[in-house]
Amino acid sequence: MLEGEIHIDGKYAGGHIKPENRKEDRVDRRRAENQNFKRLTILTLMEKTPFGRGREQTLTRVVRSEDSNEAVNAA
């Protein structure tokens, strides 16, 4: 259980689609049909203690998106 001041941060990992080398073979990777939906968000919750006293814990969770509701549920 984390206590006190908690810092929450997120990082995207995965889901990259390599573009084709030839311009005529490239597709618009912003469109939904050209995405692979394998991108995950790594959510980090870090407990901060005042003046470095006591213990500091860091928890990580994998969530589907960096949505505030999912962050609250993970916390």
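The values are calculated or read from the model by the stated rules, or taken from the named source; none is laboratory data. Keep in mind it's a predicted model, so treat the numbers as computed, not measured. Positions of Cβ are backbone-derived with ideal geometry, glycine not excepted, and every protein chain shown enters the neighbour counts. Ligands, DNA and RNA are stripped out before the accessible areas are found, and what is left, the full protein with its side chains, is counted by its heavy atoms. Shrake-Rupley method; radii C 1.70, N 1.55, O 1.52, S 1.80 Å.
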Handout entry: Scope segment 23-53; condition closer than 23 Å to residue 63 by Cβ and of a type in the set (A, V, I, L, M); matching residues
Key = 32, 40, 42, 43, 45, 46
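Table: residues versus (1) at pLDDT 80 or above; (2) open to solvent by 70 Å² or more (accessible area, probe 1.4 Å).
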residue: 24; (1), (2): yes, yes
residue: 30; (1), (2): yes, yes
residue: 36; (1), (2): no, no
residue: 49; (1), (2): no, no
residue: 52; (1), (2): no, no
residue: 61; (1), (2): yes, yes
residue: 64; (1), (2): no, yes
residue: 68; (1), (2): no, yes
residue: 71; (1), (2): no, no
Exercise for the section: For segment 23-34, indicate whether the set of residues that are farther than 21 Å from residue 73 by Cβ, within 18 Å of the chain's Cα centre (by Cα), part of a loop (DSSP other than H, G, I, E, B) and hydrophobic (A, V, I, L, M, F, W, C) is non-empty. Expected result: no
Problem - Top-ranked residue in segment 1-22 [being within 30 Å of residue 56 (Cα to Cα) and part of a loop (DSSP other than H, G, I, E, B); ranked as most open to solvent (accessible area, probe 1.4 Å)] - result: 1
